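Undergrad: Take a look at the following structure, please.
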Amino acid sequence: MTAPSKSQVPLRLLAVHAHPDDESSKGAATMAMYASTGVDVLVATCTDGSRGDIQNPAVEGEAHPKRDMAGARRLEMQRAAAILGIRQRWLGFVDSGLPEGDPLPPLPAGSFATLPLQQAAAPLVRLVRSFKPHVILSYDENGGYPHPDHIMAHRVAVEAFEAAGDPERYPDAGDAWEPSKLYYDRAFSPERFRALHFALEEAGLQSPYAERLAAWLESDAEGHTPPPAAHPTTTQVDCGDFFEMRDDALRAHRTQVDPLGFFFAVSPDMQRRVWPWEDYSLIHSRVPSELPEKDLFAGLR
């Protein structure tokens, strides 16, 4: 299948996320920025988030999430999508939870991360073929962090990117469509945290990033630079004007996000001065791409 015409509009962006709230903590300002320019932005949420713990002390006593966490998170996702101006689809899988203990217990039977890859990827392949995205955003092989659902979200996103354009694969999932570009999100890049950490210190403010940064620097004998990334940043999207919208969307996930917590330690104004971008690594492109980029749709416009 040929690449889409550079004049084709609207451009379409698909972001694949493991749980409701992941879309608001990873790439939300990018999505809001593109949506504001007329790009059709869709989030595919793999699981229902039903095994998430309440992370916000203000929600501890509320009955709804205790009785029906999946239902509460569905409403939160609806609010966040409206704030960002994007669309969202559920892929229909059950949250695997984050196992704890030594040894780790097995994941719940039938949960997302326990499924065979083709079974887990089939709904996403169908969605790619119906939505026809030009660009797909996903996590790296580690899931951004090693939650089993994040790792499976990475696997199904890569599978859908590779398979959706081949009519011989997933023949019951609709007519073939070949996305043009695949990116991994780098929301937790050491470079960004380092810049924000020193900006806070220079302003005489307490940094919540010191412990995380110290752990990253352990592999550097001189202690000067973060360890090299498996997938370094190739693309920085300037989206600082949408940081408040991103934060509002994140706060909409009330069960999962403490409004006084880590994500809000640095004001949007300071972030705009220090690091006004969201960072991505271009993994595969079926159109000519010159690096570094400032636009996920470089080569498609």
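The values are calculated or read from the model by the stated rules, or taken from the named source; none is laboratory data. No experiment lies behind these values; they were computed from the predicted model shown. Positions of Cβ are backbone-derived with ideal geometry, glycine not excepted, and every protein chain shown enters the neighbour counts. What goes into the accessible areas is simple: the full protein's heavy atoms, side chains included, and nothing from ligands, DNA or RNA. Shrake-Rupley method; radii C 1.70, N 1.55, O 1.52, S 1.80 Å.
Undergrad: Quick one: Val16 ticks every box in (1) buried (at least 20 other Cβ atoms within 10 Å of the Cβ); (2) over 21 Å from the mean Cα position of the chain (by Cα); (3) β-branched (Val, Ile, Thr) bar one, so which box is it?
TA: It is condition (2) that Val16 fails.
Undergrad: Quick check on the stretch 81-100: of everything there that is hydrophobic (A, V, I, L, M, F, W, C) and part of a loop (DSSP other than H, G, I, E, B), which residue is surrounded by the fewest Cβ atoms within 10 Å (Cβ to Cβ)?
TA: Residues of the stretch 81-100 that are hydrophobic (A, V, I, L, M, F, W, C), as a first pass: 81-84, 86, 90-91, 93-94, 98.
After this cut, where a residue has to be part of a loop (DSSP other than H, G, I, E, B) as well, the list is 86, 94, 98.
Details: Ile86: 22, Val94: 21, Leu98: 16.
This residue is Leu98.
Undergrad: While we're here: Which of the residues that make up the stretch 265-275 are touching a Leu at 6+ places or on another chain (Cβ under 9 Å), modelled with pLDDT of 95 or more and open to solvent by 30 Å² or more (accessible area, probe 1.4 Å)?
TA: Residues satisfying the conditions are Val274, Trp275.
Per-residue answers, yes or no, for (1) under 14 Å from Leu91 (Cα atoms); (2) among the acidic types (Asp, Glu):
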{"site": "Arg126", "(1), (2)": "yes, no"}
{"site": "Ser130", "(1), (2)": "yes, no"}
{"site": "Gly144", "(1), (2)": "no, no"}
{"site": "Glu159", "(1), (2)": "no, yes"}
{"site": "Glu162", "(1), (2)": "no, yes"}
{"site": "Asp166", "(1), (2)": "no, yes"}
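Undergrad: Can you pull out the residues in the stretch 245-264 that are in contact (Cβ under 8 Å) with a residue 60 or more places away in the chain and open to solvent by 40 Å² or more (accessible area, probe 1.4 Å)?
TA: Met245, Asp248, Arg254, Asp258, Pro259, Phe263
Undergrad: Look through the stretch 101-155, keep the residues that are at pLDDT 95 or above and at positive phi, and return whichever of them is surrounded by the fewest Cβ atoms within 10 Å (Cβ to Cβ).
TA: Only one residue fits best here, namely Gly110.
Undergrad: Mind checking which residues of the stretch 34-65 are of a type in the set (Gly, Ala, Ser) and open to solvent by less than 60 Å² (accessible area, probe 1.4 Å)?
TA: Ala35, Gly38, Ala44, Gly49, Ser50, Gly52
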